[in-house]
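Notes follow the structure.
The values are calculated or read from the model by the stated rules, or taken from the named source; none is laboratory data. Here the structure is a predicted model, which means the values were calculated and not measured. For neighbour counting, all protein chains shown are included, and Cβ atoms are generated from backbone atoms with ideal geometry for every residue, glycine included.
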Amino acid sequence: MLGWSQMQLCEAAKVAKKTLVDFERGGSSPYPRTIAAMQQALEAAGVEFIAENGGGAGVRMKTPQSSAKGSADA
């Protein structure tokens, strides 16, 4: 969604590349604080995490504030 490399996510989340690589390949499960750091980095870049709501959890890009405001005024 963002077009980030592994290194960009690692730098933004301040996690080791080995941690991310192991997580992506299913070799290990990171500490909850590591997952939270990655999620916060992605959210800061505009990714929105959607909670389970009967249709399944997911992600999407946040709507830009200017678009959301414009549609609310219409």
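Values as computed for the structure displayed
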read-out	value
Filtered residue count, region 29-39, keeping only those that are surrounded by 13 or more Cβ atoms within 10 Å (Cβ to Cβ) and either polar (S, T, N, Q) or not in a loop (DSSP other than H, G, I, E, B) (or both)	5
Pick from region 1-16, criterion out of contact with any Pro (no Cβ under 8 Å at 6 or more places or on another chain) and assigned to a loop (DSSP other than H, G, I, E, B), ranking: farthest from THR63 (Cα to Cα)	ALA16
Test result for THR63, at pLDDT 90 or above, β-branched (Val, Ile, Thr) and out of contact with any Gly (no Cβ under 6 Å at 6 or more places or on another chain)	no
